[in-house]
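Chemist: Quick one: the structure is below, and I'll ask about it shortly.
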Amino acid sequence: MTFRNPAMKCRACEQRASIHMPQHKLIFCREHFLEWMLAQTARFIKKYQMFPPGARLLAAVSGGKDSLSLWDALWRLGCAVDGLYLHLGIGGEAGYSDASEQAARRFAGERGLALYVIPVQQAYGESVPQMAARTHRGRLRPCSVCGLVKRYLMNRYALEHGYDALVTGHNLDDEVGVLYGNVLAWQMDLLRRQAPVLQGGEGFVRKAKPFCRFYERETAAYALLRGIDYIEDECPFAEGSTLLENKEALNRLESLHPGMKLHFYSGFLNARAQMFGSSGTGLAEGEESGGMKRCPTCGQPTQAAGKCAWCKLVNP
Ligand code: SF4
Ligand SMILES: [Zn+2]
Ligand SMILES: [Zn+2]
C-alpha cells in the first residue's frame, strides 16, 4: 500500500488517490477508501453471520488503531456498540496502560459512546505483571496470564451485562500470524477454534472479529484518514514474542507475493470447512471437548472439575 502518489487517481471518482492497495488491485481517495472499509466490514459481518442487525455489541478496546477503528466503523454502520477497556497495570517507559486508557476515553468522549473500564489492580489487588510474577505461568513474560485475564473478564462482563456478542479488532496480520504458529505446531484444537466468529454457548459469549480480512496497513490507514487519535506504542511485552516473529516472516513473504496473507487465510477457511464443516464459525473455547464443568467459586465454565484457572490465579 502506498500513499499520495500524485499520478494515481481514485478508481471511484478520479480525484487524487490517497491509497493504493495492490493486493486488492484498488486505488482510492480518502473518502472512497473510508466508504470501502465500511462496506467491506458490513459484508464480512453478513458473510460469516457474525451477529444479526440490532444485536447489542461490546467492543474490546485497547486504545490501539485496530480496536478503535473497529469501534468507529461499527458505530458508523449503526450498530449498538459499547466499549470495554481493561486496565492491566502495564507500565514501561510510556506508561502503556495509562496512556491507552486515555486514548480509549478520549475516543468514546468525542463520540458520546459508553466505555466501561475495569482497573485490574484496584479490583483484584494486583496488576497483570504482578499476578504473572507470582505464578509459574509467566515470570518472564506475562502474556499467558494476561490472555487468561482478558478472556475471563471480557467474557464475564459481556455475559453479565447481556451483550449478544463481544467484538475484537483482530486484523488479517494477527489472524495469519496465529494461524502460521498453529500450523507449524499442528495445534488441531487451536485450528478448530480459529474462526471469524466463535459461537456462544453455556457460559460463553459469542465472539466476532469483523476486521479479520483487513490487512493491518488498511486498519492503520482507516485510523489515520479518519483522524482517530490512537496509542501507537505496542505493549512493551510484545517485543520478541513468537507472534511478532511469525508476523515478520509473513511480511517478508507478502512483500514477495502481494496478496499471500489473504490467500493463506481464505485457503485456511476453505480447508476448515472441509475438516470441521464450517468455514466461518468456531466452537467456544473448550466446548469441543464436551462436558464443561462449572467453577464452584465464580460459576464460569471450566474444563476440569474444581476452581477455574481465573479463580486459581486470584484466589490460590
Ligand atoms: S503483549 Fe502485553 S497486552 Fe499482549 S498479551 Fe502480552 S502482556 Fe498482554
Ligand atoms: Zn474517490
Ligand atoms: Zn472461577
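Chemist: Between residues in the range 143-157 that are without any contact (Cβ under 8 Å) to a residue 24 or more places away in the chain and farther than 21 Å from Glu202 by Cβ and residues that are part of a helix (DSSP H, G or I) and away from ligand 3 (no atom under 12 Å from the Cβ), which pairs lie under 9 Å by C-beta distance while being six or more apart or on different chains?
Modeler: From the range 143-157, the pairs are Ser144/Ala132.
Chemist: Give me the residue from the range 305-316 that is surrounded by 11 or more Cβ atoms within 10 Å (Cβ to Cβ) and without any contact (Cβ under 8 Å) to a residue 60 or more places away in the chain and, out of that set, farthest from Gln122 (Cα to Cα).
Modeler: Only one residue tops the list, namely Gly306.
This table checks each residue for (1) basic (Lys, Arg); (2) within 16 Å of the chain's Cα centre (by Cα).
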site	(1), (2)
Phe44	no, yes
Gly54	no, no
Gly63	no, yes
Arg76	yes, no
Val81	no, yes
Leu84	no, yes
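Yes or no, residue by residue, for (1) surrounded by 14 or more Cβ atoms within 10 Å (Cβ to Cβ); (2) of a type in the set (Asp, Glu); (3) in contact with a Leu (Cβ under 7 Å, 6 or more places away or on another chain):
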| site | (1), (2), (3) |
| --- | --- |
| Phe44 | yes, no, no |
| Leu70 | yes, no, no |
| Trp75 | yes, no, yes |
| Gly78 | no, no, no |
| Tyr85 | yes, no, yes |
| Ala99 | yes, no, no |
| Arg106 | yes, no, no |
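Conditions (1) farther than 14 Å from Ala208 by Cβ; (2) more than 16 Å from ligand 2 (Cβ to nearest atom); (3) of a type in the set (Asp, Glu), marked per residue:
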{"position": "His24", "(1), (2), (3)": "yes, no, no"}
{"position": "Ala39", "(1), (2), (3)": "yes, no, no"}
{"position": "Ala42", "(1), (2), (3)": "no, yes, no"}
{"position": "Val61", "(1), (2), (3)": "yes, yes, no"}
{"position": "Gly64", "(1), (2), (3)": "yes, yes, no"}
{"position": "Tyr85", "(1), (2), (3)": "yes, yes, no"}
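Chemist: Pull up the range 149-180, narrow it to residues that are closer than 28 Å to Cys311 by Cβ and among the β-branched types (Val, Ile, Thr), then point me to the one that is nearest to ligand 3 (Cβ to nearest atom).
Modeler: Among those residues, the one meeting the criterion is Val149.
Chemist: With the condition kept exactly as written, say whether any residue in the range 3-14 is among the aromatic types (Phe, Trp, Tyr) and either open to solvent by less than 40 Å² (accessible area, probe 1.4 Å) or within 16 Å of ligand 3 (Cβ to nearest atom) (or both). Quick ask: steps written out before the conclusion?
Modeler: Going residue by residue through the range 3-14, those that are among the aromatic types (Phe, Trp, Tyr) are 3.
Filter once more, keeping what is either open to solvent by less than 40 Å² (accessible area, probe 1.4 Å) or within 16 Å of ligand 3 (Cβ to nearest atom) (or both): none.
No, that holds for no residue.
Conditions (1) within 21 Å of Ala220 (Cα to Cα); (2) within 16 Å of ligand 3 (Cβ to nearest atom); (3) in contact (Cβ under 8 Å) with a residue 24 or more places away in the chain; (4) surrounded by 15 or more Cβ atoms within 10 Å (Cβ to Cβ), marked per residue:
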| position | (1), (2), (3), (4) |
| --- | --- |
| Ile19 | yes, no, yes, yes |
| Gln23 | yes, no, yes, yes |
| His32 | yes, no, no, yes |
| Pro53 | no, no, no, no |
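Chemist: Can you give me the ranges of the strands (runs of 3 or more DSSP E) entirely in the range 31-126 with at least 2 residues that are not aliphatic (A, V, I, L, M)? Outline the logic, then answer.
Modeler: Working: elements: 56-60, 80-87, 115-119.
So the answer is 80-87, 115-119.
Chemist: Okay, moving on. Mind checking whether some residue in the range 4-15 is under 30 Å from His161 (Cβ atoms) and among the polar types (S, T, N, Q)?
Modeler: No, the range 4-15 contains no residue that is under 30 Å from His161 (Cβ atoms) and among the polar types (S, T, N, Q).
Chemist: State whether one or more residues within the range 109-122 are within 16 Å of ligand 3 (Cβ to nearest atom), in contact (Cβ under 8 Å) with a residue 24 or more places away in the chain and over 23 Å from Val81 (Cα atoms).
Modeler: No; the residues of the range 109-122 include none that is within 16 Å of ligand 3 (Cβ to nearest atom), in contact (Cβ under 8 Å) with a residue 24 or more places away in the chain and over 23 Å from Val81 (Cα atoms).
Chemist: Of everything in the range 123-136 that's touching a residue at least 12 places away in the same chain (Cβ under 8 Å) and open to solvent by 60 Å² or more (accessible area, probe 1.4 Å), which residue is nearest to Leu86 (Cα to Cα)?
Modeler: Ranking the candidates gives Tyr124 first.
Chemist: Residues that are open to solvent by 10 Å² or more (accessible area, probe 1.4 Å) and within 16 Å of ligand 1 (Cβ to nearest atom), at least 3 per element: which helices (runs of 4 or more DSSP H) completely within the range 141-225 meet that? Steps first, answer last, please.
Modeler: On the way: elements: 143-160, 172-184, 188-193.
Result: 143-160, 172-184.
The values are calculated or read from the model by the stated rules, or taken from the named source; none is laboratory data. Just so it is clear, the structure is predicted and the values come from calculations on it, not from any experiment. A quick note on method: Cβ atoms are made from the backbone with ideal geometry, for glycine too, and the neighbour counts reach across all protein chains shown. When the accessible area is computed, the model is the full protein with side chains, heavy atoms only, and any ligands, DNA or RNA have been set aside. Shrake-Rupley method; radii C 1.70, N 1.55, O 1.52, S 1.80 Å.
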